[in-house]
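Enquirer: Please read through the structure below; I'll follow up with questions.
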Amino acid sequence: MKRKLFIARKLPEEVVAPLREKFEVRMWDEAEKQIPEKVLLEEARQVDALWTTITENVTRQLIEASPNLKVVSNLAVGFNNIDLEAAKEHGVIVTNTPDVLTETTADLAFALLLASARRITEAEQTVRNGEWTSWSATQLTGMDVFGATLGVIGMGRIGEAAARRAAGFNMRVLYHNRTRKLESEKRYGFEYASKDILLKEADFVLIFAPLTPETKNMIGEQELAKMKETAVLINVARGGIVDEEALYNALKDGTIWGAGLDVFEVEPVPMDHPLLTLSNVTVLPHIGSASIRTRLAMMNMNVQAMTDVLEGREPKNRVV
Ligand code: NAP
Ligand code: GLV
């Protein structure tokens, strides 16, 4: 009897093929549509392995209703969509995709930082909308990145990779974590700072902490009020870490100058979201790790991890 595996998103057939040779594989096959929760529950109930992405919630209810489930492999480094406690209690292994996406996501964070600072999307729209009627000394002026201070909250793999890019822009780098990274301080000259000092001194605040109960709404009204009026907030980590209502107010009343967001509390972000009415926010549809090579590496990592578990080996990148 072949082991059963369910893939909760439509993924490329060439990546899935090796799994089909060994296991009985079913896949949600509506490319543009997320699997309804009820269908996910029903599919998970029958399988040994579940391949998820950031958009599927692996709840306690799902885990408890899936007696054969041995592994959940998440196509992401973040795993806030998975109830780890329930997985641990029920002996379900959870794996993720760290490292292979680090540099790609750091590239995107820096691209968003530059785009937000220099109003790139606004500028492009000006050209495309036929509003580039003449040159002006004050049109679309933004903030300098070169020589500015970058503050990274969540100086892990990706935070540090983004901070390394700042060296090329002659930036001072402050960071805040729960633990200091003395080796990186020595090697790259990064400076550890309390969250308050970082918020006060940074020209660009970049969030790269995971979404946890502790980081939920970590950047709210009080934190935004501590930032410079000229500062830009960049969030490529998770919606939910930044209080979106407080951010909207801060951007609208000039408490901070701008923001760049790749992630939102609810994704896809609803079209009537107040943040979308503001021109000083640059928005992206959660594309941090979206390069062709990196997405392939992430998917292959999931394939290997599920195969390892189903064939009785310890997988790499085990979260629990
Ligand atoms: P990581 O290496 O685990 O780094 C996370 C860092 O956050 C750690 O250094 C950790 O340090 C710090 N941290 C945790 N809790 C904190 C807190 N309460 N206050 C301050 N710092 C805290 O993870 P990573 O690989 O860099 O990924 C980071 C996150 O990026 C992921 O969890 C994911 O949500 C997000 N991400 C988004 C995209 C995208 O497409 N937009 C792509 C990849 C990743 P301490 O434990 O010392 O505090
Ligand atoms: C993407 O958001 C990830 O966590 O990898």
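The values are calculated or read from the model by the stated rules, or taken from the named source; none is laboratory data. Remember, it's a predicted structure, so these values are computed and weren't measured experimentally. Reconstructed Cβ throughout: ideal geometry from the backbone, glycine too, with neighbour counts over all protein chains shown. Protein only, heavy atoms only, side chains kept; ligands, DNA and RNA dropped before computing areas. Shrake-Rupley method; radii C 1.70, N 1.55, O 1.52, S 1.80 Å.
Enquirer: I need to check one value: relative contact order of the stretch 190-320, counting alpha carbon pairs closer than 8 Å and at least 6 residues apart, in percent.
Expert: Working: 172 pairs, mean separation 24.2, N = 131.
Value for the stretch 190-320: 18 percent.
Enquirer: Once fully extended, how much extra length lies between Asn68 and Glu122, figured as 0.36 nm per residue of separation less the alpha-carbon to alpha-carbon distance?
Expert: Details: separation 54, 0.36 × 54 = 19.44 nm, distance 5.10 nm.
So the extension gain works out to 14.3 nm.
Enquirer: Using +1 on the beta carbon of Lys and Arg, -1 on that of Asp and Glu, and nothing else charged, what's the dipole of the stretch 102-283 about the Cα centre, debye to 20? Show your work: numbers first, answer last.
Expert: Working: 19 positive and 25 negative charges, 143 e Å.
Dipole magnitude for the stretch 102-283 comes out near 680 debye.
Enquirer: Considering Cα pairs under 8 angstrom that are at least six residues apart, work out the relative contact order of the stretch 102-283 and quote it in whole percent.
Expert: 21
Enquirer: Just name one of Gly130, Ser66, Met299: the one whose Cα is farthest towards the positive end of the charge dipole of the chain (beta-carbon charges, Lys/Arg +1, Asp/Glu -1).
Expert: It is Met299.
Enquirer: Might you tell me the accessible area per residue for the chain, computed with a 1.4 Å probe and given in Å²? Show your work: numbers first, answer last.
Expert: On the way: 16130 Å² over 320 residues.
It amounts to 50 Å² per residue over the chain.
Enquirer: Using Cα pairs closer than 8 Å and at least 6 residues apart in sequence, work out the relative contact order for the chain, in percent. Can you show the working numbers first?
Expert: On the way: 594 pairs, mean separation 57.0, N = 320.
Here the relative contact order equals 18 percent.
Enquirer: Then there is this: For the chain, give the percent of accessible area contributed by carbon and sulfur heavy atoms, probe 1.4 Å, rounded to a whole number.
Expert: Numbers: 8230 of 16130 Å².
So the carbon and sulfur contribution to the accessible surface is 51 percent.
Enquirer: Run the simple label-point estimate for Glu21 and Lys33 please: 7 Å along Cα→C-beta, distance reported in nm.
Expert: Going by the 7 Å Cα→Cβ label model, 3.3 nm.
Enquirer: In addition: Past 19 Å, Cα to Cα, is the threshold; run Lys216/Lys316; Lys70/Lys316; Lys226/Lys252 against it and keep the listed order.
Expert: Values: Lys216/Lys316 28 Å; Lys70/Lys316 15 Å; Lys226/Lys252 16 Å.
Result: Lys216/Lys316 exceed 19 Å.
Enquirer: For Ser134 and Lys252, what is the calculated FRET efficiency with R₀ set at 41 Å and r taken between the beta-carbons, to the nearest 0.05?
Expert: On the way: r = 29 Å, r/R0 = 0.71.
After rounding to 0.05, the efficiency reads 0.90.
Enquirer: Would you calculate a helix-derived [θ] at 222 nm for the chain, using -39,500 (n - 2.57) for each DSSP H run of n ≥ 4 and dividing by the full residue count, to the nearest 500?
Expert: Values: 12 runs with 112 residues, N = 320.
Taking each H run of at least 4 residues, the total per residue is -10000 deg cm²/dmol.
Enquirer: Kindly write out, for the stretch 231-246 in residue order, the coupling ³J(HN,Hα) from the Karplus curve 6.51 cos²θ - 1.76 cosθ + 1.60 (θ = phi - 60°), rounded to whole Hz, with x marking Gly and Pro.
Expert: For the stretch 231-246, the Karplus-derived couplings read 7, 10, 9, 10, 10, 10, 8, 8, x, x, 6, 9, 6, 5, 5, 5 Hz, x marking Gly and Pro.
Enquirer: Calculate, axis by axis, the spread of Cα positions in the stretch 141-258 along the three principal axes, and write the results as whole Å, longest axis first.
Expert: Rounded to whole Å, the extents work out to 39, 38, 21 Å.
Enquirer: Gap in Å between the Cα centre of the stretch 49-110 and the Cα centre of the stretch 282-301?
Expert: The distance from the Cα centre of the stretch 282-301 to that of the stretch 49-110 comes to 16 Å.
Enquirer: Sort Trp28, Trp257, Trp51 by accessible area with a 1.4 Å probe, largest first. Numbers along the way, then the final one.
Expert: Working: Trp28 35, Trp257 65, Trp51 0 Å².
Greatest to least solvent exposure: Trp257, Trp28, Trp51.
Enquirer: Further question: Amide H neighbours of Met171 under 5 Å, counting only residues 5+ apart in sequence or on other chains, H built in-plane at 1.01 Å?
Expert: So Met171 has HN proximity to Gly147.
Enquirer: Moving to a separate point now. Tell me, what ³J(HN,Hα) does each residue in the stretch 255-269 have, in order and in whole Hz, if you take phi through Karplus 6.51 cos²θ - 1.76 cosθ + 1.60 with θ = phi - 60° and put x for Gly and Pro?
Expert: Calculated HN-Hα couplings, in order: 4, 10, 8, x, 8, x, 10, 9, 9, 9, 4, 10, 10, x, 4 Hz.
Enquirer: Next question, about the same structure. If amide hydrogens are placed 1.01 Å from N in the peptide plane, which non-local residues have theirs closer than 5 Å to the one on Asn74?
Expert: For Asn74, the qualifying residues are Thr52, Thr95, Asn96.
Enquirer: HN-Hα J couplings of the stretch 307-314 from phi, Karplus 6.51/-1.76/1.60, θ = phi - 60°, integer Hz, Gly and Pro as x?
Expert: For the stretch 307-314, the Karplus curve yields 4, 4, 5, 5, 9, x, 9, 6 Hz.
Enquirer: Here's another thing I want to ask about it. Between helix 157-166 and the chain, what is the angle of the helix's C-alpha long axis to the longest principal axis, kept within 0 to 90° and rounded to the nearest 10?
Expert: With rounding to tens, the tilt is 30 degrees.
Enquirer: Run through all the Cα pairs of the chain and give the fraction in each 10 Å bin from 0, expressed as whole percent.
Expert: Taking every Cα pair in the chain, the percentages come to 6, 25, 30, 22, 14, 3, 0, 0.
Enquirer: Quick one: putting +1 on the C-beta of Lys and Arg, -1 on the C-beta of Asp and Glu, what dipole do you get for the chain around its Cα centre, in Debye to the nearest 20?
Expert: Details: 38 positive and 45 negative charges, 191 e Å.
Around 920 debye, computed over the chain.
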